Amino acid sequence: MPQTAVVFNPGLIQETLSTFNFPVVIKVKEGTHGIGCVNAPTPKVAREVIEALLRQGEGVVLVQQYLVKKKRAAHEDIRVFVVDMEVIGAMRRIAPEGEWRTNYALGARVVKHTITSEERELAIHACEALELEIAGVDLINFGTPKVLEVNACPGWHGLQQVTGIKVAERIVDYAVNKARK
């Protein structure tokens, strides 16, 4: 993973931020579709955002190093969809111009991704570590893949669009087979 910290105590914000190079991404614990993610270019902005989120009742705020690939035309990541510890498909998500978040719901362009064995292994290990049977694992790969986050309730419309995989059917088949055991 990129350097990541959890902040839940306002008194530790400054100390936590002092361990990061900037920019950082600030995430709420239970965001969806890119909502609740802020790209903070400076420690001052990061501190203000974290303070506001904690004051508004977010019990936990994540701070993560924002990894930037030099000479990259667009912001992009890889979504790997896992069902029952099997990768059923993967896509690259490319943020629209002027946007850094790669969420399909925010207009990201999606293309089929041929997953490497290293990416496959990392996605499965992430699911095993979190004991998730169904997950969307978001990776970034600049030579060595890293987990950005693991989504326990992932969207799949973009993946279905670019791969033709009937994701809902795969999930239902898995659930039915599990119930029969």
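Quick notes
- Total residues in the stretch 118-145, condition surrounded by fewer than 16 Cβ atoms within 10 Å (Cβ to Cβ) and farther than 25 Å from D173 by Cα: 4
- Positions within the stretch 5-32 being part of a loop (DSSP other than H, G, I, E, B) and among the hydrophobic types (A, V, I, L, M, F, W, C), in sequence order: F8, F20, F22
- Residues that are under 25 Å from L139 (Cβ atoms) and of a type in the set (D, E), drawn from the stretch 1-51: E30
- All of V80, V49, V63 fail the test of being touching an Asp or Glu at 6+ places or on another chain (Cβ under 9 Å) and closer than 19 Å to L148 by Cβ, apart from V80.
- Scanning the stretch 23-63 for residues that are over 21 Å from E76 (Cβ atoms) and of a type in the set (A, V, I, L, M, F, W, C) returns V28, V45, A46, V49, I50, A52, L53, L54, V60, V61, V63.
- Any chance L106 is touching a residue at least 60 places away in the same chain (Cβ under 8 Å), surrounded by fewer than 19 Cβ atoms within 10 Å (Cβ to Cβ) and not small (G, A, S): yes
- Of all residues making up the stretch 1-42, the number that are of a type in the set (K, R) and crowded, with 18+ Cβ neighbours inside 10 Å: 1
- Matching strands (runs of 3 or more DSSP E) fully within the stretch 35-130 where at least 3 residues are closer than 24 Å to L159 by Cα and assigned by TED's automatic domain parsing to the domain that holds Q161: 76-83, 86-94, 109-112
The values are calculated or read from the model by the stated rules, or taken from the named source; none is laboratory data. These numbers come from a predicted model, not from an experiment. So basically every Cβ, Gly included, is an ideal-geometry build from the backbone, and we count neighbours across all protein chains shown.
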